[in-house]
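*Asks:* Sharing a structure here in structure tokens format.
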Amino acid sequence: MSGLDSILLRDEASGSTASILPSLGFNCYAFWPVIDGDPVEVFWATPDFGAPGSRPSRSGMPILFPFAGRLRGQSFTFRGQTYEVNGAQTNNGNAIHGFVLNRPWRVLEQTPTRAVGEFQASIDEPALLDQWPADFRLRATYTLDGATLRIDFEVVNPDDAPLPFALGAHPYFRLPLGQGDPAVCRITVPAGEYWDLADGIPTGRRAPVDESRDLATGRPFGETDLDTVLTDLRVQDGQVATIIEDPGSGRTLTQTFDASFRHCVVFTPPHREAIAIEPYTCVPNPFALEEAGARTGLRVLDASESFSASIQIRLS
């Protein structure tokens, strides 16, 4: 797994580690917090992750930018101009998950417990400039502190034109949290509504969560089979918290993120060895939805403006 440029973070006091692959989206594909001397594998990744042909969207924690989820087809219109998106991966003919998850990033800083990476279209792949309304710069900082991994994001518009964007993270959390039965692990996502989907793309209709999508009070993983966009997230002290509880090991995995992540995609992959709980600042296919009058969370930065957000993952 991984390549020669893999970065290993290690917290000497606890023994916890995290591994990042700059050559493939600055993806943190492994996180091993240590609890009471016992290392626990938190992220799920394919054994061939990092090898030629491996899918970066299905392992570790892919970073999704400047759009998250699907765009209808491979084009969109922003402020009267249409852009052809041919530099992203596709799913059933739809562009998906942005430009940065499968491309090399530059490493700006590295210490034993911290790594900073950056991707800027005009520097790292100028061909992308024709596919998006403005140049963009995304910086991600991973910090390891005991059994906690923190990811800080900064988006900057280095261009004169307005920069529309969505930011998402796609972590695959391995179940169970140690030894035991993954089916009894309890999944909590404090959402009150979901976006109706057609072929994986929001129709624009929102509705209260039904029985199959209601994770607000916790639901066993064995009863959870989803690929859905949840919204109306409960915010406390400016943060949203998703929780995985494993009664077999007595461990709890808590993911907290800023309220700027207004939506959360929950995806149970067919292999049933993990669950993806994905904070998004914006729903998929936002340009068409915005034209139809929906409030999607799409953000637009003017020249030199910036945006910051963070995610924290902690095992206890």
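The values are calculated or read from the model by the stated rules, or taken from the named source; none is laboratory data. Everything numeric in this text was worked out from a predicted model, so none of it was measured. Note that we place each Cβ from the backbone using ideal geometry, even for glycine, and neighbour counts take in every protein chain shown.
*Asks:* Out of all the residues in the stretch 127-141, is one or more closer than 18 Å to P171 by Cβ and without any contact (Cβ under 8 Å) to a residue 60 or more places away in the chain? Can you show your working first?
*Replies:* Narrowing the stretch 127-141 to residues closer than 18 Å to P171 by Cβ: 138, 140-141.
With without any contact (Cβ under 8 Å) to a residue 60 or more places away in the chain added as a condition, the list becomes 141.
Yes: the stretch 127-141 contains one or more residues that are closer than 18 Å to P171 by Cβ and without any contact (Cβ under 8 Å) to a residue 60 or more places away in the chain.
*Asks:* Mind telling me which of the residues A88, A147, A140 ends up being buried (at least 18 other Cβ atoms within 10 Å of the Cβ), at pLDDT below 95 and on the phi < 0 side of the Ramachandran plot? Please lay out each step first, then the result.
*Replies:* On the way: A147 fails: at pLDDT below 95; A140 fails: at pLDDT below 95.
Checking each option against the conditions leaves just A88.
*Asks:* Sort through D227, D258, D237 and tell me the only one that's farther than 28 Å from A147 by Cα and either at pLDDT 95 or above or touching a Cys at 6+ places or on another chain (Cβ under 8 Å) (or both). Lay out the reasoning, then the answer.
*Replies:* On the way: D258 fails: farther than 28 Å from A147 by Cα; D237 fails: farther than 28 Å from A147 by Cα.
Going through D227, D258, D237 in turn, just one is farther than 28 Å from A147 by Cα and either at pLDDT 95 or above or touching a Cys at 6+ places or on another chain (Cβ under 8 Å) (or both): D227.
Matching residues to (1) within 19 Å of A309 (Cβ to Cβ); (2) within 18 Å of the chain's Cα centre (by Cα):
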{"residue": "A121", "(1), (2)": "no, no"}
{"residue": "L129", "(1), (2)": "no, no"}
{"residue": "A140", "(1), (2)": "yes, yes"}
{"residue": "N157", "(1), (2)": "yes, no"}
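*Asks:* Can you tell me which residues in the stretch 276-296 are in contact with a Pro (Cβ under 8 Å, 6 or more places away or on another chain) and either of a type in the set (K, R) or within 25 Å of G60 (Cα to Cα) (or both)?
*Replies:* A276, I277, E278, V283, P284, N285
*Asks:* In the stretch 191-215, which residue that is part of a loop (DSSP other than H, G, I, E, B) and under 20 Å from the mean Cα position of the chain (by Cα) is surrounded by the fewest Cβ atoms within 10 Å (Cβ to Cβ)?
*Replies:* Going residue by residue through the stretch 191-215, those that are part of a loop (DSSP other than H, G, I, E, B) are 199-200, 209-215.
Imposing the further condition that a residue be under 20 Å from the mean Cα position of the chain (by Cα) reduces the set to 200, 213, 215.
Working: G200: 17, R213: 20, L215: 23.
Looking at residues that are part of a loop (DSSP other than H, G, I, E, B) and under 20 Å from the mean Cα position of the chain (by Cα), I get G200.
*Asks:* Related question: Looking only at the stretch 31-70, filter to residues that are among the hydroxyl-bearing types (S, T, Y) and in contact with a strand residue (DSSP E or B) (Cβ under 7 Å, 6 or more places away or on another chain); which one of those is surrounded by the most Cβ atoms within 10 Å (Cβ to Cβ)?
*Replies:* Start the filter on the stretch 31-70 by keeping residues that are among the hydroxyl-bearing types (S, T, Y), which leaves 46, 54, 57, 59.
From the residues that got through so far, the ones that are in contact with a strand residue (DSSP E or B) (Cβ under 7 Å, 6 or more places away or on another chain) too are 57, 59.
Details: S57: 19, S59: 25.
Looking at residues that are among the hydroxyl-bearing types (S, T, Y) and in contact with a strand residue (DSSP E or B) (Cβ under 7 Å, 6 or more places away or on another chain), I get S59.
*Asks:* Another question, then. F287: part of a strand (DSSP E or B), buried (at least 17 other Cβ atoms within 10 Å of the Cβ) and either aliphatic (A, V, I, L, M) or at negative phi (or both), yes or no?
*Replies:* no
*Asks:* For G73, work out the one condition from (1) out of contact with any helix residue (DSSP H, G or I) (no Cβ under 7 Å at 6 or more places or on another chain); (2) part of a loop (DSSP other than H, G, I, E, B); (3) buried (at least 16 other Cβ atoms within 10 Å of the Cβ); (4) small (G, A, S) it doesn't fulfil.
*Replies:* (3)
*Asks:* Could you tell me which of the residues P171, P176 is at pLDDT 95 or above, under 25 Å from T113 (Cα atoms) and crowded, with 20+ Cβ neighbours inside 10 Å? Even if it seems obvious, please write down each step before you answer.
*Replies:* Values: P176 fails: under 25 Å from T113 (Cα atoms).
Just a single option satisfies the conditions, and that option is P171.
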